[in-house]
Amino acid sequence: MGEVRRPSLRYAGGIMMKKSKKSKSFNAESFFEDDWEEEVFEEDDWNIDWKEEADKGKGADKKLVAAMCMIGACIVVVLGVVFAVFLRGSRKEREVLEAQMDLTQNQLAQGEPVQDEFPREAGGKEEDSSGKEQDAGLGEESKEPKEDGEAESLPSPVKKAEPSVGALDDAQDPQTFGGAPNEGSGAEVTVSDIDRNEAVGLTGNLTVGIDVSKYQGTIDWQKVKESGVEFAMVRVGYRAKSTGEIFEDPTARYNMQEAQAAGIKLGAYFFSSAITDKEAREEAAFTRDMIAKYKITYPVAFNCEDFQSPDSRQHGLDIATRTGLACAFLDEISAAGYTPMFYASKGELEGSAYWDTQTLAGKYKIWVAQYPSLPYPQTGASSYTGTHDMWQYTSQGTVAGISKKTDVNIAYFGYTKEAEAKDDTPAEIVKANPEVGIIFTEVNETVTAKQETNLRSEPSTLSDETIVGKLVHGDTAVRTGIGHNGWSRLTYNGQTLYAVTSYLTTNMEDTGQQAPPQGPVYTPVNEQVTAKMETNLRSEPGTGREDTIVGLLHNGEVLTRVGVGDNGWSQLEFNGQIVYAVSSYLTAAQ
């Protein structure tokens with residue numbers, strides 16, 4: 001510590017006052033140079049003794065003053081240190097808070113997810129793989145409680161909501177089972193039968209792939225690989241067409257996990273119902289997070305098809321707005337390091353009928369759906385003449401390992417090397433589960449059918465292939481769960497099966513009334529409809545057979561709709577008979 005200099009003593013007016021025993025007159029005015037009245041100091045009052053005061057104060061007073069100055073200097077130094085520490089801590093905490101608030105605002109503006117907590121400093125707490133907190137880089141002393149005044153980590157102002165997993169049956173899912181809008185269903189094709197030598201233009205840079213979602217059910221990906229499939233575009237999620245909630249496709253993680261393990265190169269797509277740029281970026285952020293731990297080699301696509309349905313939240317959006325939403329999504333995907341791609345049908349792209357095709361094709365890869373009457377390779381190329389990089393040529397593909405019809409694609413590009421995951425943290429291992437997305441209330445009770453009901457291997461009516469038996473009244477099963485979506489989980493003959501809850505009863509004595517009819521329920525309506533562009537008319541609801549097609553409805557041609565089914569199909573009057581068309585391909589006639 002440096003030498004302390006003693007401050008010199010100064011006396012007000014050069015006067016030091018001392019108590020005197022002698023009485024002496026004193027003119028206060030002459031001293032203070034003011035208009036005070038003259039006062040006389042009596043005995044025991046203070047008097048001025050200049051010389052005596054100076055002599056006596058020379059020793060003791062100087063020591064006293066010096067000591068007081070040193071004490072005062074020490075107090076000032078201590079207070080300065082305390083204030084500096086306080087100011088430094090406050091400034092640091094404030095800077096962290098301001099930085100996080102700026103980051104949060106930027107992330108919200110760009111649709112990016114916001115971290116649950118502020119970034120931790122070295123020596124802070126982390127979570128181990130089991131989810132328990134652990135101290136990073138600290139010994140036992142770090143577990144002591146923090147002393148008063150020590151800054152605690154602050155909570156984030158925004159919490160990231162975890163999207164729900166969609167159900168197998170979800171009326172809010174804007175994507176329906178079947179082909180692209182206005183393209184019918186396409187020609188029947190078996191992928192393993194594709195003769196690559198016969199295929200026109202098939203080179204080392206042209207690859208064959210499929211796109212899949214929950215509608216393909218549980219897939220045996222090893223068999224898919226053996227059939228000759230080289231890539232798979234996996235749907236990772238969708239935004240509900242009316243409520244706007246984002247859902248994870250219930251099969252997405254399993255499909256990416258198993259396809260990657262089988263050696264099939266991965267791409268991905270999201271089915272959008274966004275109505276603002278912020279929502280589109282939110283969808284992109286969801287997609288980015290979903291695929292980060294998987295090896296995504298092929299593009300990541302934006303898919304949006306249901307915007308003309310009256311019940312769609314996108315109904316009424318113009319071409320420029322929809323195109324802007326697609327660009328917002330795909331720009332975020334590109335910024336995340338993936339190849340962006342836009343999907344639409346030929347009829348939507350040609351002449352910029354429903355999208356600003358020139359803008360989209362100028363920025364991103366284009367994936368066009370166009371279904372010729374003869375499949376590839378008999379039909380060597382799409383009739384769509386615009387620039388495109390991938391061609392979906394049918395929705396009626398038969399692929400080993402997949403029990404349901406599947407979209408089949410040709411990509412005019414390929415990759416010799418599989419990409420690395422953006423996040424090298426291993427993805428959670430998942431198992432195929434038909435109950436994904438369904439919330440079951442656990443019960444243990446004996447039930448029977450009100451009359452009779454199908455028992456299925458999956459809680460869904462999308463395919464008759466899931467029917468494994470019937471439960472008739474009087475025959476019993478043990479119900480172990482009641483799902484929020486109207487299905488019950490049963491144990492029957494040692495198997496776990498599913499039945500519609502409303503067709504079951506716990507009253508063994510109640511022969512009851514006629515159970516509701518099996519199959520889809522149609523709500524009667526009477527309204528004029530037309531095709532959004534064009535759609536097949538069928539003798540029965542389903543795309544499994546070409547011989548059910550009885551006609552084609554074009555935009556501007558009007559039919560009377562008499563029923564809307566809970567299976568996604570509508571009943572129409574056509575030439576004196578009832579026919580069926582996919583509800584999402586129809587719109588009210590103007």
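The values are calculated or read from the model by the stated rules, or taken from the named source; none is laboratory data. Treat the numbers as computed from the prediction; the structure is a model and nothing was measured. All Cβ positions, even for glycine, are placed from backbone atoms using ideal geometry, and neighbour counts span all protein chains on display. All accessible areas refer to the heavy atoms of the entire protein, side chains included, with ligands and DNA or RNA removed. Shrake-Rupley method; radii C 1.70, N 1.55, O 1.52, S 1.80 Å.
Among the candidates E435, E442, E428, single out the residue that is among the acidic types (D, E) and not in a loop (DSSP other than H, G, I, E, B).
After ruling out the rest, the residue left standing is E442.
For the subset of region 498-523 comprising residues that are open to solvent by less than 60 Å² (accessible area, probe 1.4 Å) and at pLDDT below 75, which member is nearest to G469 (Cα to Cα)?
Filtering first and then ranking leaves G519.
The conditions are (1) modelled with pLDDT of 95 or more; (2) within 17 Å of N433 (Cβ to Cβ), and R281 fails exactly one of them. Which is it?
(2)
Residues of region 526-551 being over 19 Å from S309 (Cα atoms) and either hydrophobic (A, V, I, L, M, F, W, C) or assigned to a strand (DSSP E or B) (or both), which ones?
R538, I549, V550, G551, listed by residue number.
Across region 300-322, what is the total count of residues that are closer than 16 Å to D277 by Cβ and open to solvent by 50 Å² or more (accessible area, probe 1.4 Å)?
Qualifying residue count for the region: 5.
Considering every residue within region 209-226, establish whether at least one is in a strand (DSSP E or B), of a type outside the set (D, E, K, R), over 16 Å from A400 (Cβ atoms) and more than 17 Å from the chain's Cα centre (by Cα).
Scanning region 209-226 turns up no residue that is in a strand (DSSP E or B), of a type outside the set (D, E, K, R), over 16 Å from A400 (Cβ atoms) and more than 17 Å from the chain's Cα centre (by Cα).
Counting only residues that are touching a residue at least 40 places away in the same chain (Cβ under 8 Å) and open to solvent by 80 Å² or more (accessible area, probe 1.4 Å), which one in region 425-450 is nearest to Y503 (Cα to Cα)?
Across region 425-450, the extreme among qualifying residues is T441.
Please go through region 464-480 and pick out each residue that is buried (at least 19 other Cβ atoms within 10 Å of the Cβ) and within 33 Å of the chain's Cα centre (by Cα).
The one that is buried (at least 19 other Cβ atoms within 10 Å of the Cβ) and within 33 Å of the chain's Cα centre (by Cα): T466.
Could you run through region 252-275 and say how many residues are open to solvent by 20 Å² or more (accessible area, probe 1.4 Å) and either within 28 Å of R322 (Cβ to Cβ) or of a type in the set (A, V, I, L, M) (or both)?
As a first pass, look at region 252-275 and keep what is open to solvent by 20 Å² or more (accessible area, probe 1.4 Å): 253-254, 257-258, 260-261, 263, 265, 275.
Still in the list and also either within 28 Å of R322 (Cβ to Cβ) or of a type in the set (A, V, I, L, M) (or both): 261, 275.
Of the residues in region 252-275, 2 are open to solvent by 20 Å² or more (accessible area, probe 1.4 Å) and either within 28 Å of R322 (Cβ to Cβ) or of a type in the set (A, V, I, L, M) (or both).
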